[in-house]
Amino acid sequence: MLSEWLDWTLDGERPAQRIGRFASGSYLLHSPGILELTPNTQHSGAHACVFSAAIHGNETAPVELLGAWLCALEANTVQLGAPVLVILGNIPALKVQQRYITTNLNRLFNRELTELGEEPDRARALMEAVDTFYARHHTLPKLHYDLHTAIRDSLYARFVVEPFAETSTDATQWQWLAAAGMQAVLHQHQHSWTFSHYSKHYHSAQAFTFELGRVAPFGNNDMAALEPMLTLISTLSAGIEPPTKPADSMAFFRVKHELIRQAEAFTLCFADDLPNFSRFEPGTCLANDSVAGDFIVEETPLHVVFPNANVEIGARAALLVVPSKPIAT
Ligand SMILES: [Zn+2]
């Protein structure tokens, strides 16, 4: 059942059984796109793991990655030794290979959310699923890896965003991420209501948003480049210590400024295909906004990440970041 779960979810089919067993554990399908795995034997190093994908519906590499891992569990080439909640975020958007249907799901993970609609309802369901999962495993350290791909190329093909929250990131996490092939880390400077932020802010989980290469349709993803990431997921789900590599093999950045679209008449002053982390010198104009005015780089050079002029008004059109010191390890 595990290896077919993703296809069934996409096809809108309900499996005959919501519960079942595989060699090293059992599964429970809570609702479409929310699957909980429980090990027969919990390893002493286990975390309560949340692995989520398709919070943006056109980001298919993470879905293929989780599919490969679920196949390995079913084939018993990987054993389960930790409880795992597996989430497919935006199923309607995934079916039509769009980022979202009505609004960006990955800004709605806030307990004060009052918006109505399909994506807000899904955010509420996912928050509740995470809450009950972590409550059930309250004695274990909590972990949430939210897996994405970026809209554009990047000077660092694979990187993580560390959400802003009170909880600090364990030094070992950086070593695991480096060994998993991550090339850069971006520290958020303020609350941003993403799914990984939700687990970190409300549950003190070790949590990141992963950007695992560039958006591509199913079957066109470079899965070989994600082998080390598959190893990280497999070892964590086995409840054993993942491989490590020195954290300073990654580049570290922190957010200096969020560029918010304020006007209907809004343009970014660089090519649409600009790679993430491209650097701009002082005096460069980055955006024209008929309400906010031009955004000019001041004395510190800025690197642009996640630029997107087509966001809703009031939403983030780019993160402007600067290099920061590597985290002590
Ligand atoms: Zn995404």
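The values are calculated or read from the model by the stated rules, or taken from the named source; none is laboratory data. Just so you know, these numbers come straight off a predicted model, no measurement behind them. We place every Cβ from the backbone using ideal geometry, glycine too, and count neighbours over all the protein chains shown. Keep in mind that these areas ignore ligands, DNA and RNA; they rest on the heavy atoms of the full protein, side chains included. Shrake-Rupley method; radii C 1.70, N 1.55, O 1.52, S 1.80 Å.
I want the local charge near T194. Using Cβ-Cβ distances under 10 Å, sum +1 for each Lys or Arg and -1 for each Asp or Glu among the other residues.
Numbers: positive: R107, K200; negative: D146.
Summing Lys and Arg as +1 and Asp and Glu as -1 gives +1.
For A287, nonlocal amide neighbours, meaning residues 5 or more places apart or on other chains whose placed amide H falls under 5 Å from its own, are C269, F295. Enter the accessible area of K256 (Å², nearest 10), with the probe set to 1.4 Å and all protein chains included. Spelled out: K256, probe radius 1.4 Å, area about 100 Å². Per residue, the convex hull spanned by the Cα atoms of segment 41-178 amounts to 145 cubic angstrom. Taking 7 Å steps out from each Cα toward its Cβ at E227 and E241 produces label points 2.4 nm apart.
Between R279 and F164, full extension at 0.36 nm per residue minus the direct alpha carbon distance yields a gain of 39.1 nm. Of the GluC sites (Glu not before Pro) found in segment 251-329, the ones in coil according to DSSP and having at most 13 other Cβ atoms within 10 Å of their Cβ are E264, E298, E299, E312.
When the square roots of the Cα gyration tensor eigenvalues are ordered a ≥ b ≥ c, the ratio a/c for segment 172-234 is 1.5 or more and a/b exceeds b/c, which makes its shape prolate.
How much of the accessible area of the chain, in percent, comes from carbon and sulfur atoms when a 1.4 Å probe is used?
On the way: 7010 of 13740 Å².
Ligands and nucleic acids excluded, carbon and sulfur reach 51 percent.
Computed with a 1.4 Å probe over protein heavy atoms only, the accessible surface of segment 238-329 comes to 51 Å² per residue. For the set D289, D170, D11, solvent exposure ranked by accessible area (probe 1.4 Å, protein chains only) runs largest to smallest as D11, D170, D289.
Does segment 57-129 come out rounded, prolate or oblate by the C-alpha gyration tensor, with a ≥ b ≥ c the root eigenvalues, rounded set by a/c under 1.5 and, if not, prolate when a/b is larger than b/c and oblate if not?
Values: a/c = 3.72, a/b = 1.71, b/c = 2.17.
Oblate shape, in that a/c is at least 1.5 and b/c is the bigger or equal ratio.
Among the GluC sites (Glu not before Pro) found in segment 53-122, those both in a DSSP coil and sparsely packed, with 12 or fewer other Cβ atoms within 10 Å of their Cβ, are E112.
Tell me which trypsin sites (Lys or Arg not before Pro) from segment 55-116 have a DSSP coil assignment and no more than 15 other beta carbons within 10 Å of their own. Numbers along the way, then the final one.
Working: sites: K95, R99, R107, R111; in loops: R99, R111.
Here the sparse-neighbourhood loop sites are R111.
Is segment 174-329 rounded, prolate or oblate when judged by the Cα gyration tensor, a ≥ b ≥ c being the square roots of its eigenvalues, rounded requiring a/c under 1.5 and prolate requiring a/b larger than b/c? Kindly include the intermediate steps, with their values, before the conclusion.
Working: a/c = 1.93, a/b = 1.81, b/c = 1.07.
Taking the square roots of the gyration eigenvalues as a ≥ b ≥ c, segment 174-329 is prolate.
Equivalent ellipsoid of the chain: semi-axes from √(5λ) of the C-alpha gyration tensor, largest first, are 33, 22, 18 Å.
Where nothing but the Cβ of Lys and Arg (+1) and of Asp and Glu (-1) is charged, how large is the charge dipole of the chain around its Cα centre, in debye to the nearest 20? Walk me through the numbers before you get to the answer.
Numbers: 22 positive and 35 negative charges, 129 e Å.
With only Lys, Arg, Asp and Glu charged at Cβ, the dipole is about 620 debye.
In the assembled protein chains, S3 presents an accessible area of approximately 40 Å² (probe radius 1.4 Å). M1 exposes around 30 Å² of accessible area when a 1.4 Å probe is run over every protein chain in place.
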